[in-house]
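Please read the structure below before turning to the comments.
No lab work stands behind these numbers, since they all come straight from the coordinates. These figures come from a predicted structure and were not determined experimentally. Quick reminder, even Gly has a Cβ in these numbers, built from the backbone with ideal geometry, and neighbours come from all protein chains shown.
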Amino acid sequence: MSQNRLKYSVEGLGENLLTTQYDLMIRHATVLNSSQTPVKVDVGVSGGKISAISPQLEATATQDINAQGNLLSPPFVESHIHLDSALTAGEPRWNESGTLFEGIQIWGDRKRQLTVEDVQKRAIQTLKQQASQGVLLVRTHVDVSEPSLTALQALLALREEVKDWITLQVVAFPQDGIYSRPDNETLLREAVQLGADVVGGIPHYELTREDGVKSVQCIFEIAQDGDRAIDLHCDEIDDPQSRFLEVVAAYASHTGMGSKVTASHTCAMGSYDNGYAYKLMGFLKRSQVNIIANPLINITLQGRSDTYPKRRGVTRVKELWQNGINVSFGHDCIQDPWYNLGTGNMLDVGSMGLHVCQMTGQDEIAACYEMITHNGAKTLNLEDEYGIEVGKPANFIILDAASPYEAFCRRATVTHVVSRGKLLARTPVVETEWFGD
Ligand code: FE2
C-alpha cells in the first residue's frame, strides 16, 4: 500500500493570518492533508505564491473565488505528450491498421510538411486545451530525426512564449532511432545544444538489440555531458524479448543519474513472464527510475498482433506502484497518426489507467489521481515547486468534485485554473434541464 499517495501538505493550517490583503482568496475549499483527510480551508494568494492556508481567513482580497466545498488540488501534470504531431490525425491519411508502425510511416510523410508556424499553431492550441482542463506542467517529446529540426525550434521558442502560464519541458526524441541514418546521432546532440531539456531515445526501434543497447549508452553520455535528464521510449512493443528497461535501469544505477531517468511506455513488461518481471522490479526500485504509462494509446496500439486472449499492452502499473516505484500517466498523443482521439483531459487518462490496470480499490483510485498530479511533477523533477503549501507557487485547480474518487466517477469539470497566482481559466459546470416526469 502506498504510504505517499496525495502528498498535499497543508502547512499553516490552523493559523489565521488576518494581517493582509491578498491578491486572490479561495474560500470554502477542500484540500487533502498529508494523512489524506479532507480539510475545509481558505487559501490566500499574494505575489504569485500561496501565502496562507487556514480554516478561515478574515482578510480581504482583490479577487475572491468561492470553491463551494469543492476540491482544490495541485494542477494536473502531462508527463508525456508529442506536441509536434498533435492535431494532425488524418494528415495525410488515417492510420487504418492502428499500429505503432503505420503511425511512424504516416508521421514520416506528414513531417516533411512541417513549418515553425504549423507546429506552433497546433502546439499552442493543444496547450490551451490542456491548461483549461487543469494541466500546468507538460513534458513534450519532439522528433529530432528530421534534418531541419523545425519542430524542435518551434517548441523551444514556444517554451519561452508560454512560460508565464504553463511549464513546458522539451525532450529531444530521435523518433526513427539514432542509428537508422548516419546523421541522427549528430542531430540529437545538436538538439541538446540548442536547448532541449531532456534527452530521448527509442532503443526497441533500433535495428538490432546491440544497436539498442548502444543507443542507451549514447543517450546517457549526451545527457551527462549536457547535464540533462533522460526520458526514453522504452519497450513500446508486445515482444517479451524487448528488454531495454533493464539496460536503462543498469545505466541509471551505474551513472548515479537515478531519478533523473525516465522510461516511458515499457509495454513489454506486460508480456514478460513473472519470474523476470519481479527480478526487474527490484532493479527498478534500486535504480530510482521513473516509469510513465500511456494507457489511452497503449490499450489501442498494443495487442494488434494477438487474436485471443488479447493482451492489454499497458505496463504493470499496479505492481510498480505497490513496489514503491514512481509511476505517472501521460496522454502520449492527442489526435495524431498514432491515436486519433483525445481531448487533453487528464481525468480521461487516469480513468483509462484505473480501468486497464484494475486499480479500483479506494487506495488504488487515489494512487491513480496521484499519477496524474504529484508523481508527474516528481518525474519532471519539479517536485520542489509543486503542491498546496504556504510559500509554493500558487498553481492549483478547483474541480466540481469533493474528492479524487468523485472526480474520476463523474469526470468532473475543472472549474478554475490558477497559474502563477492568477486566474487563468474558468469553465462553468454544465447543468441538465430535466423535462420528464
Ligand atoms: Fe511517446
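General remarks:
- Dipole in debye (nearest 20) - the chain, about Cα centre, beta carbon charges: Lys, Arg +1; Asp, Glu -1: 500
- Kirkwood-type radius of the chain, with distances r between different C-alpha atoms, in Å: 22.1
- For the range 63-222, the mean projected area of the C-alpha convex hull, equal to one quarter of the hull surface, is 11.8 nm².
- Convex hull volume per residue, computed on the Cα atoms of the range 39-96, equals 192 Å³.
- Normalised by the number of residues in the chain, the mean separation of alpha-carbon contacts (under 8 Å, six or more apart) gives a relative contact order of 20 percent.
- Across all C-alpha atoms in the range 231-331, the radius of gyration and Dmax reach 12.7, 42 Å.
- Think of the chain as a dipole: +1 on every Lys or Arg Cβ, -1 on every Asp or Glu Cβ, centred on the Cα centre; then among A123, T360, A157, T360 lies furthest on the positive end.
- Rounded if a/c under 1.5, otherwise prolate or oblate - the range 298-406, Cα gyration tensor axes: prolate
- Where GluC sites (Glu not before Pro) fall in DSSP loop in the range 345-437, at most 12 other Cβ within 10 Å: E431, E433
- Mean Kyte hydropathy of 0.5 or more with a Cα span along the axis of at least 30 Å, helices from DSSP in the chain: none
- Dipole in debye (nearest 20) - the range 168-306, about Cα centre, beta carbon charges: Lys, Arg +1; Asp, Glu -1: 440
- Within the range 79-182, the trypsin sites (Lys or Arg not before Pro) that combine a DSSP coil assignment with at most 11 other C-beta atoms in a 10 angstrom radius are K163.
- Anisotropy class of the range 145-217 from Cα gyration tensor, a/c 1.5 cut: prolate
- If you plug the beta carbon distance of L207 and D363 into 1/(1 + (r/R0)^6) with R0 = 51 Å, you get a FRET efficiency near 0.75.
- DSSP-assigned coil residues among chymotrypsin sites (Phe, Trp or Tyr not before Pro) in the range 14-114, each with at most 13 further Cβ atoms within 10 Å: W94
- The range 254-307 shape via C-alpha gyration tensor axes, a/c threshold 1.5: oblate
- Using only alpha carbons, the range 82-131 has a radius of gyration to Kirkwood radius ratio (Rg to Rh) of 1.00.
- Taken over the range 170-282, the convex hull of the Cα atoms encloses 89 Å³ per residue.
- Estimated D of the range 68-152 in µm² per second, where Rh is the Kirkwood radius over Cα pairs and Stokes-Einstein applies at 4 °C, 1.567 mPa s: 90
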